[in-house]
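One structure is given here, and the rest of the page talks about it.
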Amino acid sequence: MLTETSARRGGKIHLGGGLRHDWQLEEVQSLFNLPFSDLLYQAQTVHREHFDPNEVQISSLLSIKTGACSEDCAYCPQSAHYQTGLGREELIPVNEVLKAASLAKEQGASRFCMGAAWRSPSDNDVERVVAMIAGVRSLGMETCVTLGMLTEQQTQRLKQAGLDYYNHNLDTSEEYYPEIITTRTYQDRLDTLRRVREAGINVCCGGIIGMGESADDRANLLIELANLPQHPESVPINLLVRVEGTPLADASTLDPLVFVRTIAVARILMPKSRVRLSAGRAEMSDEMQALCFLAGANSIFYGIKLLTTDNPLADSDRQLFQRLGLRMGGLQMETHHA
Ligand code: SAM
Ligand code: DTB
Ligand code: SF4
């Protein structure tokens with residue numbers, strides 16, 4: 001258990017499994033500002049209350065529709081607003097999706113995530129994605145899709161199709177958001193997240209760190225996520241992948257320990273959620289990734305590509321897992337919690 005000293009330094013300590021939705025900026029700032037060892041100790045303690053610390057859930061990603069997106073997300077290589085060398089691709093055929101999903105399953109992935117570069121899908125697009133969901137489910141994998149904003153009807157259709165997770169990120173704090181995206185609002189995102197939640201689909205929602213945001217923006221992003229009516233079941237924390245041609249190509253390098261602290265605070269605020277060490281691993285050292293797992297990350301994207309950018313090779317991830325004594329797991333569904 002926590003010593004009195006670390007408890008004093010950390011302010012209030014929230015162990016015992018109660019999920020909170022009333023986090024305030026000052027208390028989250030004080031978590032971020034803890035001595036590193038105290039913060040990691042708290043995060044690891046919370047982590048062990050809810051999860052096997054040596055098991056990591058594995059998701060694989062596939063871009064089912066690449067490039068030419070109408071949105072202006074400053075980080076994104078797929079935005080039509082920037083010259084990043086990506087061409088326009090149409091929605092790919094179901095059999096290609098199933099080939100990729102089988103391969104991912106063979107390699108140990110329990111969840112298959114399909115991403116489309118859309119502001120929002122048409123109803124016809126949704127029908128084609130429904131066929132992909134059915135195919136991937138029949139392989140015995142969990143399904144996740146990220147298609148942009150959804151109407152209520154489309155959300156219901158995806159639920160009917162048996163979709164397990166919908167990914168839709170808040171990306172950053174509400175205050176910093178207008179610096180990053182102007183073509184849709186924070187409220188648009190919250191509206192889609194509410195529809196997904198109300199339809200009974202598990203929510204995968206996180207953000208990107210390293211976009212030039214302030215420490216308070218990082219705290220406010222995590223507060224926004226934790227203070228949703230229910231914590232997202234999956235919380236992807238992405239380190240910005242700086243892509244040539246995007247406005248954030250020259251963003252300054254983030255202190256890796258700030259990233260680790262962000263993972264630790266996410267773990268403390270959302271004790272039962274899968275915190276995913278997401279984009280950016282190709283640029284991280286093994287030691288940094290080990291610290292992220294120690295801080296409470298227990299999910300990764302696995303496989304040679306994210307959507308359009310590189311991810312570590314599956315072989316090097318296997319070696320890392322072996323060196324750290326981590327097991328690939330996670331096929332049990334984490335369904336709704338308060
Ligand atoms: N178009 C849909 C949307 O924006 O909701 C789905 C696909 S979009 C690529 C999914 C998420 O990928 C974004 O919300 C963002 O968090 C993440 N992402 C995109 N480009 C990234 C980058 N360069 N570095 C880190 N994360 C990135
Ligand atoms: C998420 O939070 N990260 C993934 C997934 N959800 C869809 C996407 C990362 C994309 C990184 C840039 C790229 O490969 O295009
Ligand atoms: Fe389009 Fe999604 Fe990229 Fe934004 S993040 S430009 S919505 S693909």
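The values are calculated or read from the model by the stated rules, or taken from the named source; none is laboratory data. Just so you know, these numbers come straight off a predicted model, no measurement behind them. Every residue, glycine among them, receives a Cβ derived from its backbone with ideal geometry; neighbour counts consider all protein chains shown. With ligands, DNA and RNA removed, areas are computed over all heavy atoms of the protein, side chains included. Shrake-Rupley method; radii C 1.70, N 1.55, O 1.52, S 1.80 Å.
So residue 81 passes all but one of these: (1) within 13 Å of ligand 2 (Cβ to nearest atom); (2) open to solvent by 40 Å² or more (accessible area, probe 1.4 Å); (3) touching an Asp or Glu at 6+ places or on another chain (Cβ under 8 Å). Which condition number does it fail?
Status for residue 81: all satisfied but (1).
Looking at the range 61-72, is at least one residue β-branched (Val, Ile, Thr) and touching a strand residue (DSSP E or B) at 6+ places or on another chain (Cβ under 9 Å)?
Yes, that holds for at least one residue.
If residue 191 passes every condition in (1) open to solvent by 10 Å² or more (accessible area, probe 1.4 Å); (2) touching a residue at least 40 places away in the same chain (Cβ under 8 Å); (3) among the acidic types (Asp, Glu); (4) more than 16 Å from ligand 3 (Cβ to nearest atom) but one, which one does it miss?
In the conditions (1) open to solvent by 10 Å² or more (accessible area, probe 1.4 Å); (2) touching a residue at least 40 places away in the same chain (Cβ under 8 Å); (3) among the acidic types (Asp, Glu); (4) more than 16 Å from ligand 3 (Cβ to nearest atom), residue 191 misses (4) alone.
Among the candidates 162, 135, 148, 140, single out the residue that is out of contact with any His (no Cβ under 7 Å at 6 or more places or on another chain) and within 16 Å of ligand 2 (Cβ to nearest atom).
Among 162, 135, 148, 140, only 148 is out of contact with any His (no Cβ under 7 Å at 6 or more places or on another chain) and within 16 Å of ligand 2 (Cβ to nearest atom).
Based on what the data block shows, is residue 75 open to solvent by 30 Å² or more (accessible area, probe 1.4 Å), at pLDDT 95 or above, among the aromatic types (Phe, Trp, Tyr) and within 16 Å of ligand 3 (Cβ to nearest atom)?
yes
Please find, among 329, 303, the residue that is on the phi > 0 side of the Ramachandran plot and surrounded by 14 or more Cβ atoms within 10 Å (Cβ to Cβ).
On inspection, the qualifying residue turns out to be 303.
Taking residue 235 as meeting all but one of (1) within 21 Å of residue 43 (Cα to Cα); (2) more than 13 Å from ligand 1 (Cβ to nearest atom); (3) touching a residue at least 12 places away in the same chain (Cβ under 8 Å), write down the number of the exception.
The failed condition is (2).
Cβ-Cβ under 6 Å, sequence separation 6+ or interchain: first residue in the range 27-42 and open to solvent by less than 30 Å² (accessible area, probe 1.4 Å), partner among the hydroxyl-bearing types (Ser, Thr, Tyr). Which pairs?
Here the result reads 38/6, each pair linking the range 27-42 to a residue that is among the hydroxyl-bearing types (Ser, Thr, Tyr).
Is one or more of the residues making up the range 214-234 open to solvent by 50 Å² or more (accessible area, probe 1.4 Å) and aliphatic (A, V, I, L, M)?
Scanning the range 214-234 turns up at least one residue that is open to solvent by 50 Å² or more (accessible area, probe 1.4 Å) and aliphatic (A, V, I, L, M).
Would you mind stating whether residue 166 is within 16 Å of ligand 3 (Cβ to nearest atom), within 24 Å of residue 72 (Cα to Cα) and without any contact (Cβ under 8 Å) to a residue 24 or more places away in the chain?
The answer is no for residue 166.
Give the number of residues within the range 198-255 that are under 11 Å from the mean Cα position of the chain (by Cα) and part of a helix (DSSP H, G or I).
Count: 0.
Provide a single number: the residues in the range 104-126 that are open to solvent by 40 Å² or more (accessible area, probe 1.4 Å), touching a residue at least 12 places away in the same chain (Cβ under 8 Å) and either closer than 15 Å to residue 59 by Cβ or away from ligand 3 (no atom under 14 Å from the Cβ) (or both).
Residues that pass the stated criteria total 3.
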